[in-house]
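Just below is one structure, and these are the notes that go with it.
The values are calculated or read from the model by the stated rules, or taken from the named source; none is laboratory data. Not measured: the values here are computed from a predicted model. Reconstructed Cβ throughout: ideal geometry from the backbone, glycine too, with neighbour counts over all protein chains shown. Just so you know, the surface numbers come from the protein's heavy atoms only, side chains and all, with ligands and any DNA or RNA stripped out. Shrake-Rupley method; radii C 1.70, N 1.55, O 1.52, S 1.80 Å.
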Amino acid sequence: MNQSRSNAGAPREPDLPPYQVVLSETDWGSLETPFGDGENLPEVLTRLLTPDPRAQVKALSELGEMVGHQNTIYEATAPAAKYVAGILTHPAATTPRPYRNVPVRAALLNWLASTAYDASDEIVGRTEKYSPGFLAPGTIVASFRDLRPMLYRAVSPFLRDGHEDVREAAVIAALILAEHPALAEHRDHLAVHARAILDTGGDAPNRRVARKALEAWGHEVYDLEPVVEEPWNRGPHSDGLSYLEPPF
């Protein structure tokens, strides 16, 4: 039984602003990061658009540390995620990864999936048990979670991408983002993609995300090979760097 509900008639979520606007109109120096403020973030984000794939990969690794250190959502995480989502369609996202015939776009999508997982229902639900008020309106994590419909609209065009790595990364990101109630109408469509991950995907964390989504949405998965449970704080690419698997 599927418990998805249509969100027809609900007010439309705001569109994702152009990445140039995010970069220029965000007061990065006022935003918290694990290492102080985000003053250096514009330079790192800009390097994601360089034609040199090694520089792109290095910048994405640096970004993961600067706004997602120890799988934590910071003030600077939300605008950084909007920027990354905004450049998914940029020509630089099609640059082949070093030593691999995989577009950098797959790494960008994996980064979004990993970041979204750090604010997922599973993670914040467990944190709430020890930190009441963690999800109160206006908190850093709650504000980031409000962005999920906006980020989903940037990710969803790649659900049927011609490149397998890009397609799977988009599916995993979309499954996590679709926990937002406003995206419930998309879950039947996403369930098809989730089953494809379980049928063909070899990445254990990704298969776990797919299975958890199907179970949460009321789909029967008893006939599928069980996925070994990971520790609660381990999600897709949760080590912060595995979306940039070497060699670089």
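Some values worked out for this structure:
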quantity	calculated
Criterion violated by I73 - all others in (1) of a type outside the set (S, T, N, Q); (2) under 14 Å from the mean Cα position of the chain (by Cα); (3) part of a helix (DSSP H, G or I) satisfied	(3)
Inter-residue pairs, beta-carbon under 6 Å, first open to solvent by less than 50 Å² (accessible area, probe 1.4 Å) and in the range 70-82, second of a type in the set (S, T, Y) and part of a helix (DSSP H, G or I), 6+ apart	A81/T115
Those residues of the range 87-126 which are open to solvent by less than 20 Å² (accessible area, probe 1.4 Å), among the small types (G, A, S) and farther than 17 Å from S61 by Cα, in sequence order	A119, S120
Selected residue (only one of L23, L49 is of a type in the set (A, V, I, L, M), in a loop (DSSP other than H, G, I, E, B) and at pLDDT 95 or above)	L49
Scan of the range 132-149 for residues that are among the aliphatic types (A, V, I, L, M) and exposed (fewer than 13 other Cβ atoms within 10 Å of the Cβ), ordered by number	A136
Those residues of the range 132-189 which are in a helix (DSSP H, G or I), farther than 26 Å from T200 by Cα and hydroxyl-bearing (S, T, Y), in sequence order	S143
Residue in the range 57-64 that is closer than 25 Å to G162 by Cα and open to solvent by less than 20 Å² (accessible area, probe 1.4 Å) present	yes
Single residue of the range 184-199 satisfying the filter (under 12 Å from V221 (Cβ atoms) and among the hydrophobic types (A, V, I, L, M, F, W, C)) that is surrounded by the fewest Cβ atoms within 10 Å (Cβ to Cβ)	L198
Matching entry among A85, A119, A106, A92 (being outside any helix (DSSP H, G or I), on the phi < 0 side of the Ramachandran plot and either within 15 Å of the chain's Cα centre (by Cα) or in contact (Cβ under 8 Å) with a residue 40 or more places away in the chain (or both))	A119
Odd one out for K129, checked against (1) of a type outside the set (V, I, T); (2) open to solvent by 30 Å² or more (accessible area, probe 1.4 Å); (3) under 24 Å from R100 (Cβ atoms); (4) part of a helix (DSSP H, G or I)	(3)
Residue that is open to solvent by less than 20 Å² (accessible area, probe 1.4 Å), of a type in the set (A, V, I, L, M, F, W, C), in contact (Cβ under 8 Å) with a residue 12 or more places away in the chain and within 18 Å of W217 (Cβ to Cβ), where the choices are A154, A173	A173
